[in-house]
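Everything below concerns the one structure shown next.
The values are calculated or read from the model by the stated rules, or taken from the named source; none is laboratory data. The model shown is predicted, which means the values in this text are computed figures rather than measured ones. Cβ atoms come from the backbone with ideal geometry, glycine included; neighbour counts cover every protein chain shown. Side chains are part of the model used for accessible areas, which takes the heavy atoms of the whole protein and leaves out ligands, DNA and RNA. Shrake-Rupley method; radii C 1.70, N 1.55, O 1.52, S 1.80 Å.
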Amino acid sequence: MKTFKNTGARAALVALLLFVPAAAQKPPESPKAAPPAALDGVSADSLRGHVSFLASDLLEGRRTPSRGLDLAAEYVAAQFRRAGLEPAGDDGYFQTAPWGEVAKLSRRPRELSPEEAALKVRNVAGILRGSDPKLKDEYVIVSAHYDHIGVRPETEGDRVFNGANDDASGTAGVIETAAALARMSPRPRRSVLFLAFCAEEHGLLGSRWYGLHPLVPLARTVAQLNLEVIGRTGHDESSQAGTLAMTGFDYSDVGALLSKAGEAAGVRVYKHPTNSDAFFGRSDNQSLADAGVPAHTVSVGYMYPDYHKPGDEWQKLDYANMERVVRAVALAVIDLADAPQPPRWNEQNPKAARYVEAWKKLHGK
């Protein structure tokens with residue numbers, strides 16, 4: 001009898017479950033979309049390799065203009081070539097300009113020697129063409145500056161300012177993002193323009209030159225993500241590992257989009273309470289923002305002990321954290337390139353008002 005009762009109860013329970021109305025059953029949760037497999041190629045070792053070359057003594061601090069800067073430009077161009085990007089400059093992968101003309105854009109111009117005035121300086125540019133027949137004529141920019149401040153003869157001891165974090169780290173991030181997106185099939189819907197700017201340390205001059213002489217139409221440039229100092233995690237505050245700050249976080253829609261991408265990559269994207277707004281105009285996003293393009297800089301923290309000192313060397317960077325950060329950036333770039341609508345400036349934020357007006361002017365609104 002005991003066995004019979006258990007069997008009957010089980011049968012009754014099965015019958016009850018089979019006839020529960022569909023509306024009362026909880027539907028299974030949809031799995032989260034996995035990051036593209038192409039991002040698996042972003043690695044700490046690869047980032048370390050790029051930074052250790054760009055920040056080596058051989059390049060003598062990459063001052064604009066200098067032989068070391070030219071070597072760095074050739075290296076970045078070689079990596080774009082290796083990834084299969086199309087050349088986007090007026091000379092292959094290079095956007096060239098006379099240093100004498102670029103230097104005139106400085107807010108504090110100085111007299112140049114005839115030799116200085118005659119060196120060419122170069123931004124490095126490569127395009128990954130989009131896969132969508134219509135949207136491929138719109139562009140997302142991923143950028144960093146590849147210059148630093150060179151050699152200081154008056155310094156005792158180590159005189160080479162290697163600039164590993166500032167900004168060989170960001171340049172390495174651009175290279176790795178380019179390689180990752182180039183491995184995707186299909187590629188992102190919009191085209192992605194990868195840029196390495198010269199002369200940032202002279203007052204954003206390389207990006208200012210680009211803003212005046214764009215390689216793709218500014219009106220068709222939907223956003224810019226600029227990478228700056230993404231390698232150091234020990235700063236003047238607590239450890240910044242696992243985080244990514246964005247300048248002008250709530251100036252446009254890009255902050256929310258980057259936060260979503262960061263969550264997928266295990267990185268907390270946030271607005272720094274003071275530096276997010278204060279640093280908006282201190283990097284190469286400013287030139288594109290002035291033209292009306294939603295443009296922001298992403299950083300792991302802001303200031304660090306070796307900022308603009310000879311001690312900013314490649315051995316001090318946290319490459320495992322850089323790997324996570326670059327994957328988050330790459331996911332954000334994919335989202336920007338695939339979004340049905342481009343991001344917009346936040347018209348409710350008075351700090352974005354000048355950029356809203358620039359966007360309207362750019363688009364004839």
Practice task
Would you mind getting the accessible area per residue of the chain, heavy atoms of the protein chains only, 1.4 Å probe, in Å²?
Solution key: 46 Å²
Handout entry: Surface accessible to a 1.4 Å probe, F94 within the full protein complex, Å²
Key = 20 Å²
Practice task
Order these peptides, 111-123, 190-202, 307-319, by their mean beta-carbon neighbour count within 10 angstrom, highest first.
Solution key: 190-202, 307-319, 111-123
Fill in the blank from the handout: Of the candidates V325, A353, P310, the farthest towards the positive dipole end of the stretch 232-365 (Lys/Arg Cβ +1, Asp/Glu Cβ -1, centred on the Cα centre) is A353
Problem - Acute angle (nearest 10 degrees) that the helix 67-83 long axis makes with the longest principal axis of the chain, alpha-carbon atoms - result: 30 degrees
Exercise for the section: Would you mind working out the magnitude of the charge dipole of the chain relative to its Cα centre, with +1 at each Lys and Arg C-beta and -1 at each Asp and Glu C-beta, to the nearest 20 Debye? Expected result: 1760 debye
Exercise for the section: Any chance you could give the angle, 0 to 90 degrees and rounded to 10, that helix 254-265 forms with the longest Cα principal axis of the chain? Expected result: 60 degrees
Practice task
Pull up the cross-link candidates among the aspartates and glutamates for K360, meaning alpha carbon to alpha carbon under 20 Å and not fewer than 8 places away within one chain.
Solution key: D137, E138, D250, D253, D290, E347
Practice task
Return the subset of K104/K136; K271/K309; K136/K260 for which the Cα-Cα distance in this structure is over 29 Å, preserving the input order.
Solution key: K104/K136
Practice task
About the Cα centre of the stretch 109-237, how large is the charge dipole given +1 on each Lys and Arg Cβ and -1 on each Asp and Glu Cβ? Please answer in debye to the nearest 20.
Solution key: 1040 debye
Handout entry: Farthest toward positive dipole pole in the stretch 210-313 [+1 Lys/Arg, -1 Asp/Glu at C-beta], among Y210, I230, F279
Key = Y210
Practice task
Identify all aspartates and glutamates with a Cα-Cα distance to K134 below 20 Å; exclude those on the same chain that are fewer than 8 residues away in sequence.
Solution key: E86, D335, D338
Completion exercise
So the carbon and sulfur contribution to the accessible area of the stretch 221-271, 1.4 Å probe, in percent, is 50 percent
Fill in the blank from the handout: In whole percent, the fraction of accessible protein surface over the stretch 97-191 that belongs to carbon or sulfur atoms, probe radius 1.4 Å, stands at 50 percent
Exercise for the section: Specify the residue with the greatest mean-square fluctuation among R327, R159, R108, computed from a Gaussian network of the chain linking alpha-carbon atoms under 10 Å apart. Expected result: R108
